[in-house]
Amino acid sequence: MSSDEAAPAVPEPDPAPRRLRTLLLIAVVLLALDLLTKTIAVAQLTPGDPVYLIGDWARFSLVRNPGAAFSMATGMTWLLTLVAAGVVIGVIRIGRTLQSLWWAIGLGMVLGGALGNLIDRLFRAPGPLQGHVVDFVAIGWWPVFNVADSAIVCGAILLVALTVFGFEPDGTRHGHEKGTIEEEKAA
(Lines give C-alpha, C1' and ligand atoms only; values in the text may rest on other atoms or scores of the structure.)
Protein backbone atom coordinates (compact mmCIF):
# COMPACT_ATOMS: atom_id res chain seq x y z
CA MET A 1 0.00 0.00 0.00
CA SER A 2 1.43 3.37 -0.98
CA SER A 3 1.58 6.29 1.40
CA ASP A 4 -1.12 8.05 -0.65
CA GLU A 5 -3.69 5.30 -0.03
CA ALA A 6 -5.73 5.54 3.13
CA ALA A 7 -6.22 2.50 5.30
CA PRO A 8 -9.79 1.23 5.32
CA ALA A 9 -11.85 2.58 8.19
CA VAL A 10 -12.41 0.07 10.94
CA PRO A 11 -15.84 0.42 12.47
CA GLU A 12 -15.76 1.17 16.17
CA PRO A 13 -17.24 -1.53 18.36
CA ASP A 14 -20.63 -0.90 19.92
CA PRO A 15 -20.03 0.05 23.59
CA ALA A 16 -23.52 -1.15 24.63
CA PRO A 17 -22.51 -4.74 25.56
CA ARG A 18 -19.59 -3.39 27.60
CA ARG A 19 -21.88 -0.91 29.38
CA LEU A 20 -24.37 -3.68 30.16
CA ARG A 21 -21.52 -5.74 31.64
CA THR A 22 -20.51 -2.74 33.78
CA LEU A 23 -24.09 -2.21 34.91
CA LEU A 24 -24.48 -5.91 35.83
CA LEU A 25 -21.10 -6.07 37.60
CA ILE A 26 -21.98 -3.09 39.79
CA ALA A 27 -25.40 -4.57 40.51
CA VAL A 28 -23.95 -7.97 41.48
CA VAL A 29 -21.30 -6.43 43.77
CA LEU A 30 -23.87 -4.25 45.53
CA LEU A 31 -26.35 -7.13 45.80
CA ALA A 32 -23.67 -9.36 47.36
CA LEU A 33 -22.68 -6.60 49.80
CA ASP A 34 -26.32 -6.03 50.71
CA LEU A 35 -27.01 -9.73 51.30
CA LEU A 36 -23.81 -10.15 53.31
CA THR A 37 -24.49 -7.17 55.58
CA LYS A 38 -28.12 -8.18 56.12
CA THR A 39 -27.03 -11.71 57.05
CA ILE A 40 -24.54 -10.32 59.57
CA ALA A 41 -27.10 -7.86 60.95
CA VAL A 42 -29.73 -10.57 61.47
CA ALA A 43 -27.17 -12.87 63.13
CA GLN A 44 -25.57 -10.23 65.38
CA LEU A 45 -28.24 -7.64 66.23
CA THR A 46 -31.32 -7.89 68.41
CA PRO A 47 -34.40 -5.81 67.54
CA GLY A 48 -34.82 -3.00 70.06
CA ASP A 49 -31.20 -3.27 71.28
CA PRO A 50 -29.14 -0.82 69.18
CA VAL A 51 -25.35 -0.87 68.99
CA TYR A 52 -24.08 2.70 69.34
CA LEU A 53 -21.15 3.73 67.15
CA ILE A 54 -20.91 7.52 67.50
CA GLY A 55 -22.91 8.57 70.54
CA ASP A 56 -26.58 8.10 69.72
CA TRP A 57 -26.12 9.75 66.31
CA ALA A 58 -24.81 6.67 64.42
CA ARG A 59 -25.88 3.19 65.40
CA PHE A 60 -26.83 -0.26 64.18
CA SER A 61 -30.47 -0.99 64.93
CA LEU A 62 -32.20 -4.05 63.48
CA VAL A 63 -35.63 -3.27 62.01
CA ARG A 64 -37.87 -5.40 59.79
CA ASN A 65 -39.55 -2.93 57.47
CA PRO A 66 -42.84 -3.91 55.76
CA GLY A 67 -43.08 -0.57 53.93
CA ALA A 68 -41.01 1.92 52.02
CA ALA A 69 -38.85 4.76 53.34
CA PHE A 70 -40.35 6.95 56.06
CA SER A 71 -42.81 4.14 56.90
CA MET A 72 -44.84 4.81 53.77
CA ALA A 73 -47.06 2.06 52.29
CA THR A 74 -46.58 -0.32 55.23
CA GLY A 75 -49.82 -2.12 54.33
CA MET A 76 -48.89 -2.44 50.66
CA THR A 77 -45.87 -4.73 50.77
CA TRP A 78 -47.16 -6.72 47.78
CA LEU A 79 -47.33 -3.52 45.71
CA LEU A 80 -43.79 -2.54 46.69
CA THR A 81 -42.67 -6.01 45.60
CA LEU A 82 -44.26 -5.54 42.18
CA VAL A 83 -42.75 -2.05 41.82
CA ALA A 84 -39.29 -3.42 42.65
CA ALA A 85 -39.76 -6.20 40.07
CA GLY A 86 -40.78 -3.57 37.51
CA VAL A 87 -37.69 -1.50 38.27
CA VAL A 88 -35.46 -4.54 37.78
CA ILE A 89 -37.06 -5.35 34.42
CA GLY A 90 -36.93 -1.71 33.29
CA VAL A 91 -33.26 -1.24 34.21
CA ILE A 92 -32.23 -4.41 32.40
CA ARG A 93 -34.15 -3.35 29.28
CA ILE A 94 -32.54 0.11 29.29
CA GLY A 95 -29.15 -1.41 30.08
CA ARG A 96 -29.13 -3.42 26.88
CA THR A 97 -28.83 -0.21 24.82
CA LEU A 98 -26.65 1.91 27.11
CA GLN A 99 -23.60 3.60 25.71
CA SER A 100 -22.88 5.93 28.62
CA LEU A 101 -20.53 4.69 31.34
CA TRP A 102 -22.07 7.04 33.93
CA TRP A 103 -25.60 5.88 33.17
CA ALA A 104 -24.38 2.27 33.50
CA ILE A 105 -22.96 3.07 36.94
CA GLY A 106 -26.13 4.82 38.13
CA LEU A 107 -28.45 2.14 36.78
CA GLY A 108 -26.20 -0.60 38.19
CA MET A 109 -26.55 0.96 41.63
CA VAL A 110 -30.34 1.16 41.31
CA LEU A 111 -30.52 -2.42 40.02
CA GLY A 112 -28.33 -3.83 42.79
CA GLY A 113 -30.38 -2.05 45.45
CA ALA A 114 -33.72 -3.00 43.94
CA LEU A 115 -32.66 -6.66 43.75
CA GLY A 116 -31.47 -6.62 47.37
CA ASN A 117 -34.79 -5.36 48.69
CA LEU A 118 -36.77 -7.51 46.24
CA ILE A 119 -35.07 -10.64 47.57
CA ASP A 120 -36.16 -9.65 51.08
CA ARG A 121 -39.73 -9.09 49.91
CA LEU A 122 -39.81 -12.46 48.17
CA PHE A 123 -38.04 -14.69 50.69
CA ARG A 124 -38.29 -13.20 54.19
CA ALA A 125 -41.12 -13.52 56.71
CA PRO A 126 -44.05 -13.23 56.74
CA GLY A 127 -44.06 -14.75 53.25
CA PRO A 128 -43.65 -14.33 49.48
CA LEU A 129 -44.54 -10.87 48.13
CA GLN A 130 -45.00 -9.68 51.73
CA GLY A 131 -41.52 -10.16 53.21
CA HIS A 132 -40.15 -7.43 55.42
CA VAL A 133 -36.90 -5.73 54.38
CA VAL A 134 -34.01 -5.94 56.86
CA ASP A 135 -32.81 -2.44 57.77
CA PHE A 136 -30.02 -1.86 60.27
CA VAL A 137 -28.13 1.42 59.74
CA ALA A 138 -29.43 4.42 61.70
CA ILE A 139 -27.94 7.89 61.28
CA GLY A 140 -29.36 10.78 63.31
CA TRP A 141 -33.07 11.29 62.73
CA TRP A 142 -33.00 9.57 59.33
CA PRO A 143 -35.05 6.36 58.96
CA VAL A 144 -33.15 3.09 59.43
CA PHE A 145 -31.80 1.83 56.10
CA ASN A 146 -29.53 -0.79 54.49
CA VAL A 147 -26.93 -1.09 51.70
CA ALA A 148 -29.66 -1.61 49.07
CA ASP A 149 -31.44 1.58 50.10
CA SER A 150 -28.16 3.52 49.93
CA ALA A 151 -27.40 2.14 46.48
CA ILE A 152 -30.85 3.08 45.17
CA VAL A 153 -30.64 6.63 46.54
CA CYS A 154 -27.07 7.26 45.35
CA GLY A 155 -27.82 5.76 41.92
CA ALA A 156 -30.96 7.86 41.58
CA ILE A 157 -29.08 11.03 42.55
CA LEU A 158 -26.45 10.25 39.91
CA LEU A 159 -29.13 9.64 37.25
CA VAL A 160 -30.90 12.90 38.11
CA ALA A 161 -27.60 14.81 37.92
CA LEU A 162 -26.81 13.24 34.54
CA THR A 163 -30.24 14.24 33.27
CA VAL A 164 -29.98 17.78 34.62
CA PHE A 165 -26.58 18.27 32.98
CA GLY A 166 -27.81 16.85 29.67
CA PHE A 167 -26.01 13.49 29.60
CA GLU A 168 -28.08 10.93 27.74
CA PRO A 169 -28.07 7.13 28.11
CA ASP A 170 -26.92 6.84 24.48
CA GLY A 171 -23.68 8.65 25.33
CA THR A 172 -24.60 11.99 23.82
CA ARG A 173 -24.87 15.25 25.66
CA HIS A 174 -27.91 17.39 25.02
CA GLY A 175 -26.94 20.70 23.46
CA HIS A 176 -23.52 19.55 22.23
CA GLU A 177 -22.72 18.71 18.66
CA LYS A 178 -20.44 15.85 19.43
CA GLY A 179 -21.58 13.46 22.10
CA THR A 180 -19.61 12.33 25.08
CA ILE A 181 -18.92 8.92 23.59
CA GLU A 182 -15.41 10.07 22.63
CA GLU A 183 -14.84 11.38 26.17
CA GLU A 184 -15.99 8.08 27.70
CA LYS A 185 -13.77 6.06 25.39
CA ALA A 186 -10.80 8.02 26.68
CA ALA A 187 -11.75 7.17 30.27
Reported set for the stretch 23-73 where residues are without any contact (Cβ under 8 Å) to a residue 40 or more places away in the chain, assigned to a strand (DSSP E or B) and among the hydroxyl-bearing types (Ser, Thr, Tyr) is Thr46, Tyr52
Would you call Leu107 touching a Leu at 6+ places or on another chain (Cβ under 6 Å) and under 20 Å from Ser150 (Cα atoms)? yes
Are there any pairs, at least 6 apart or on different chains, whose C-beta atoms fall under 6 Å, with the first in the stretch 142-165 and farther than 13 Å from Trp103 by Cα and the second surrounded by fewer than 16 Cβ atoms within 10 Å (Cβ to Cβ), and if so, which? Pro143/Ala69; Pro143/Phe70
I need the full set of residues from the stretch 87-104 which are in contact with a helix residue (DSSP H, G or I) (Cβ under 9 Å, 6 or more places away or on another chain) and either among the basic types (Lys, Arg) or open to solvent by 40 Å² or more (accessible area, probe 1.4 Å) (or both), in order please. Val87, Ile92, Ile94, Arg96, Thr97, Gln99, Leu101, Trp102
Taking the stretch 130-143 on its own, how many of its residues are open to solvent by less than 40 Å² (accessible area, probe 1.4 Å) and in contact with a strand residue (DSSP E or B) (Cβ under 7 Å, 6 or more places away or on another chain)? 6
Would you confirm whether any residue within the stretch 43-55 is touching a strand residue (DSSP E or B) at 6+ places or on another chain (Cβ under 8 Å) and open to solvent by less than 60 Å² (accessible area, probe 1.4 Å)? yes
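The values are calculated or read from the model by the stated rules, or taken from the named source; none is laboratory data. Since we're looking at a predicted model, the values are computed, not measured. Here Cβ is always computed from backbone atoms with ideal geometry, including for glycine, and neighbour counts include all displayed protein chains. Just so you know, the surface numbers come from the protein's heavy atoms only, side chains and all, with ligands and any DNA or RNA stripped out. Shrake-Rupley method; radii C 1.70, N 1.55, O 1.52, S 1.80 Å.
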